[in-house]
Amino acid sequence: MTQNEVEKVNFAKKLLKIGMSYRDIQLNLKLTFGTGMSNTTLKNLVVEEKQNEDWREKYEQSQEELSVYKNLYFNLLKTLKLKLKDEKN
């Protein structure tokens, strides 16, 4: 992709995020870049953004779960060390 195409896609993504209709996006693209973009491409951008959002949510959930498991692991380790220490005495 050329720099102009990247800017055009990013511009379209911003307009999609604010809920602008495909027709208005096409008009803004034509005014800004001189050409529009196919509605199929716009639809694919929406699907791609939704997938990215889903992956972000799954990543955040995984990070939270990892934190919980780490805490459980270290608490268990601490408890086992204390129990072993008590058994030695």
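The values are calculated or read from the model by the stated rules, or taken from the named source; none is laboratory data. Only a predicted model underlies this, so the values are computations on that prediction, with no experimental measurement involved. Cβ placement follows ideal geometry from the backbone for every residue including glycine, while neighbour counts extend to all protein chains displayed. What goes into the accessible areas is simple: the full protein's heavy atoms, side chains included, and nothing from ligands, DNA or RNA. Shrake-Rupley method; radii C 1.70, N 1.55, O 1.52, S 1.80 Å.
Side notes on the structure shown:
- Output for the range 14-40, where each listed residue is within 18 Å of the chain's Cα centre (by Cα), in a helix (DSSP H, G or I) and surrounded by fewer than 15 Cβ atoms within 10 Å (Cβ to Cβ): K14, K17
- Candidates K83, K58, K43, filtered to the one that is open to solvent by 100 Å² or more (accessible area, probe 1.4 Å), within 18 Å of I18 (Cα to Cα) and assigned to a helix (DSSP H, G or I): K43
- Some residue of the range 69-87 being modelled with pLDDT of 95 or more and acidic (D, E): no
- Considering only residues in the range 1-13 that are assigned to a helix (DSSP H, G or I), out of contact with any Leu (no Cβ under 9 Å at 6 or more places or on another chain) and over 13 Å from E49 (Cα atoms), the one that is least open to solvent (accessible area, probe 1.4 Å) turns out to be V6.
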